[in-house]
Amino acid sequence: MKKSFAVPAKYTFVFAIFMVLTVGCSFGAENTSQVIPESQQQKLEETTSSDETGSGLGRVYLQRTESTGGSILTGVQRNLSTEPFDVVQVLLNGPIESEQDAGLRSAIPASTELLSARYVASDLVRVDLSSDIFQATGDDLVSSVAQIVLSLCDIPGIQRVIIVVNGQVNEWPKGDGSLTSQPLTAFDFPGRAISSQPAFPAVIEVQTE
């Protein structure tokens, strides 16, 4: 006759903890861009609304005309979520009254509509705009593109932005005036925006005798 043995409760608890730790350690960090399948992109956009993610201090870039007559972009803080769609929509809404009083404006034509803005990779966002964006020409078009790219790249994790019009790929001007249909980065617009980095401390030479 076989005898049955009851497993002490404390061993059952230890085994459960071991299983949790084992499963948790099986997931490693990803260091490369993760492409999101097209079938899941819409689902991601729908399930990460600003209501669910909450809001916080974000930043969008607006344009200011300097005394020299040139234009510079500057980041202004807004209470918004870190969802790409929300950020671009706030940007397209233009400056609020206090920002207008401070001399800020948007180079993006006011009639431009946002059709979509979603992740297509872990560090890449695709923005689809209406053709009204082309009402901006010359330097204003460069600033318009820079406003979108810099505002989105201010979101942690986003490094590249591809802009399409009515679903069609277009060529866009970079800061140096060259055209590209490739994803844009903040580094494509050097000197276009006021740096948020603190000034370097002065170098003081100490003479020793």
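The numbers here are math on the coordinates, done by the rules we state, and not lab data. Since this is a predicted model, take the numbers as computed values, not measurements. Reconstructed Cβ throughout: ideal geometry from the backbone, glycine too, with neighbour counts over all protein chains shown.
Counting Lys +1, Arg +1, Asp -1, Glu -1, what net charge surrounds Glu66 among other residues with beta carbon under 14 Å of its beta carbon? Result for the local shell: +2.
When Thr137, Thr185 are sorted by how many other C-beta atoms sit within 10 angstrom of their C-beta, beginning with the fewest, the order is Thr137, Thr185.
Rounded to the nearest Hz, the phi-derived 3J(HN,Hα) couplings of the stretch 168-182 under the Karplus curve 6.51 cos²θ - 1.76 cosθ + 1.60 (θ = phi - 60°) are 9, 6, 10, 8, 10, x, 8, x, 8, x, 6, 9, 8, 9, 7, where x marks glycine and proline.
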